[in-house]
Amino acid sequence: MNGVFLVGAGLEPQPTLETIFDSDCQAPVELFLFDLPTPDTLGATAELLGLIKKNLRGFVFARLGFAPQRAQLEFAYTQGIDLLDLEIDGAADWDSPPVQQRLHALELARDIFPRWAVSATLGWRGAEAPKLMAAMDELARRRILPLLSLDAHCGAVDAEATGALFAHLEQCWRRAGVVLRPLAPLIVLTTPLAVAVPRTLVGSLLGRAQDARLRAGSDLRRLLRVRRVEESFDSAGL
C-alpha cells in the first residue's frame, strides 16, 4: 500500500522475497518497513536484507524496539538497513534512564548512518503539546529526524491539537533542512501531512534521479565502511 511494504520479524527469507516480488510487480515498493523488537530479530534478518538489497530498489527502514549497542548498529548498517528509528515516549521524563539510553543509541547511530537517516518517533500517549514540540526541536538540534506517532495508544485527541503538532513538526523539518524523500511514502501513510508529487514528466524524472543518487550514495558509504572494518581486521591479523 502506497509504496510501503511491512516486513515482520522472524519471516523465512525466500518465501518472503517471493511475496515481496509479487507486490513489487503490482506497484513498486519504495520503502521496506522492518519491525524488529529484539536484538535476536535484528540478527535473523541478515539473509532477507541481503536478498532485498540485491534484487530490489526500495529503501530499507528498520524500527527497533530496543536501544542498540554500537556493534548492533554497525551490523544493521552494513547488512543493508538505510534508515533506522527508535520510539521515545513523548510523555516520559527526558532525564529518565530509559529515555537517556535511547537518546545515546540514536546519537551512536547518527555517527554511523548517513545524515538524517536516523529518526526518533515520539509516541503521543497523553503528552502535552508544548512538551512534544520541545522534543521535536531538541531532536532536530541533535541532527536526529523527529517523527510523531498517532496511533491507538494516543486515546482521544483533539483535532486542533493534532493539526498544531503536525504543523510544528513540518516547520521543524523545514528549519533543519532534513531530507525526507526516502520516508515520503511512510509520512503519507501514517500522518495527515501531504508530500508534494511531481506534476510533470521532468519533475518525475528528477525525483527518480534524486532517489537513485541517495541510494548510490548510501551504498557507496556502506561499502567504504565495510571495507574499513575489514582492513582493520586484516591489520590485526584476524
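Run down Glu160, Glu74, Glu107, Glu170 and say which single residue is part of a helix (DSSP H, G or I) and free of Cβ contacts under 8 Å to residues at least 12 places away in the same chain. Selected residue: Glu160, the only one of Glu160, Glu74, Glu107, Glu170 that is part of a helix (DSSP H, G or I) and free of Cβ contacts under 8 Å to residues at least 12 places away in the same chain. Suppose the filter is of a type outside the set (Ser, Thr, Tyr), open to solvent by 30 Å² or more (accessible area, probe 1.4 Å), touching a residue at least 24 places away in the same chain (Cβ under 8 Å) and farther than 23 Å from Glu30 by Cβ; does Glu87 pass it? So Glu87 does not fit the description; no.
Among the residues that make up segment 65-79, is at least one of them farther than 21 Å from Ala9 by Cβ and open to solvent by 20 Å² or more (accessible area, probe 1.4 Å)? Reasoning before the result, please.
If we filter segment 65-79 for residues that are farther than 21 Å from Ala9 by Cβ, which is where we start, we get 70.
Next, from what is left, pick out any that are open to solvent by 20 Å² or more (accessible area, probe 1.4 Å): 70.
Within segment 65-79 (the criterion being farther than 21 Å from Ala9 by Cβ and open to solvent by 20 Å² or more (accessible area, probe 1.4 Å)), the answer is yes, since at least one residue qualifies.
Filtering Ala140, Ala120, Ala209 for residues that are part of a helix (DSSP H, G or I), at pLDDT 90 or above and either hydrophobic (A, V, I, L, M, F, W, C) or surrounded by 17 or more Cβ atoms within 10 Å (Cβ to Cβ) (or both) leaves a single hit, Ala140. Any idea which of Pro146, Pro98 is surrounded by fewer than 14 Cβ atoms within 10 Å (Cβ to Cβ) and more than 16 Å from Leu73 (Cβ to Cβ)? Testing whether each residue is surrounded by fewer than 14 Cβ atoms within 10 Å (Cβ to Cβ) and more than 16 Å from Leu73 (Cβ to Cβ) leaves just Pro98. The numbered conditions (1) charged (D, E, K, R); (2) open to solvent by less than 10 Å² (accessible area, probe 1.4 Å); (3) at pLDDT below 95 are all true for Asp111 except (2). The set of residues from segment 17-38 being crowded, with 16+ Cβ neighbours inside 10 Å and assigned to a helix (DSSP H, G or I) comprises Leu17, Ile20, Asp24.
The values are calculated or read from the model by the stated rules, or taken from the named source; none is laboratory data. No experiment lies behind these values; they were computed from the predicted model shown. Virtual Cβ from ideal backbone geometry, glycine too; neighbours counted across all protein chains shown. Calculation scope for accessible area: heavy atoms of the full protein, side chains included, ligands and nucleic acids excluded. Shrake-Rupley method; radii C 1.70, N 1.55, O 1.52, S 1.80 Å.
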